[in-house]
Amino acid sequence: GQMGRGPCGVENVPGLIETIRRRRSVRELKCEGIPEEIIREIVDAGRHAPSAGNLQPWHFFVVVDPDKRRGLAVAALNELWIADAPAIVAVCAEMQRVEERYGERGRDLYVLQDTAAAIQNMLLAAEGLGVGACWVGAFNERRVALILGIDSLKLRPVALIPIGYPAGEVPVPSLRESAETVTLFN
């Protein structure tokens, strides 16, 4: 799209806004692999997210091994479609690093905000690159940590993002709340 100027002279990028509006949770994925450079682009988008104190407390594990993908699907409350994805990005948070700087609030809130921002960046990058993705948060953290070979006390698994090319039409989600319903100007 063309670049436009907003009312305050702020550049707006219609292409980005369209990507945000087009993004969907994709659960039906083709088994065919994704080129490594595309996966790296998606993960790198996560690295560019904001974080409290710029601590960047995230670690991204790209799981392509079929047995590990199956294990993650089972750990995700038996959502076996997850194993069909040619890659799963496991996003983990380094809790202690943020707690050392910001205490309890850092551990309980900031680190989750930080990783959530990284996850959203990756979802939008995937959409922009024509790759399907889904944010999966329901899973057994200890089992995921075991599969990843990490100490769950040091790195907390926060989300699994199965990625792959969409297999067919992506259903339109239920209607969003109207802007008027969720926005209040004071």
List pairs: first residue in segment 115-134 and within 17 Å of Val158 (Cβ to Cβ), second residue open to solvent by 30 Å² or more (accessible area, probe 1.4 Å) and of a type in the set (Lys, Arg) anywhere in the structure, Cβ distance under 7 angstrom, at least six positions apart or on different chains.
Leu123/Arg23; Cys134/Arg27
Based on what the data block shows, is Glu141 open to solvent by less than 70 Å² (accessible area, probe 1.4 Å) and either out of contact with any Gly (no Cβ under 8 Å at 6 or more places or on another chain) or modelled with pLDDT of 95 or more (or both)?
yes
Would you call Cys134 under 14 Å from Pro57 (Cα atoms) and modelled with pLDDT of 95 or more?
no
Across segment 50-95, which residue is least open to solvent (accessible area, probe 1.4 Å) among those that are of a type in the set (S, T, N, Q) and under 16 Å from Met122 (Cβ atoms)?
Ser51
Hey, Arg101 basic (Lys, Arg) and open to solvent by less than 60 Å² (accessible area, probe 1.4 Å) or not
no
Might you check whether a residue that is among the hydrophobic types (A, V, I, L, M, F, W, C), modelled with pLDDT of 95 or more, surrounded by fewer than 22 Cβ atoms within 10 Å (Cβ to Cβ) and closer than 20 Å to Ile82 by Cα occurs anywhere in segment 110-117?
yes
Could you say whether any residue in segment 63-82 is touching a Gly at 6+ places or on another chain (Cβ under 7 Å) and either at negative phi or among the acidic types (Asp, Glu) (or both)?
no
Looking at Asp84, is it of a type in the set (Asp, Glu) and either within 14 Å of the chain's Cα centre (by Cα) or over 27 Å from Ile20 (Cα atoms) (or both)?
no
Please work out if Val136 is out of contact with any Gly (no Cβ under 7 Å at 6 or more places or on another chain) and either more than 22 Å from Arg47 (Cβ to Cβ) or open to solvent by 50 Å² or more (accessible area, probe 1.4 Å) (or both).
no
Please enumerate the residues belonging to segment 101-134 that are under 18 Å from Glu18 (Cα atoms), in a helix (DSSP H, G or I) and under 11 Å from the mean Cα position of the chain (by Cα).
Gln120, Asn121, Met122, Leu123, Leu124, Ala125, Ala126
Every residue in segment 17-42 that is in contact (Cβ under 8 Å) with a residue 60 or more places away in the chain, loosely packed, with under 15 Cβ neighbours inside 10 Å and either more than 26 Å from Arg70 (Cα to Cα) or not acidic (Asp, Glu) (or both), please.
Ile20, Arg22, Ser25, Cys31
Residues in segment 57-72 that are touching a helix residue (DSSP H, G or I) at 6+ places or on another chain (Cβ under 8 Å) and assigned to a loop (DSSP other than H, G, I, E, B) total 1
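The values are calculated or read from the model by the stated rules, or taken from the named source; none is laboratory data. Everything numeric here is computed off the predicted structure, so don't read it as measured data. Neighbour counts run over all protein chains shown; Cβ positions are idealised from the backbone, glycine included. Surface accessibility is based on the protein's heavy atoms, side chains included, excluding ligands, DNA and RNA. Shrake-Rupley method; radii C 1.70, N 1.55, O 1.52, S 1.80 Å.
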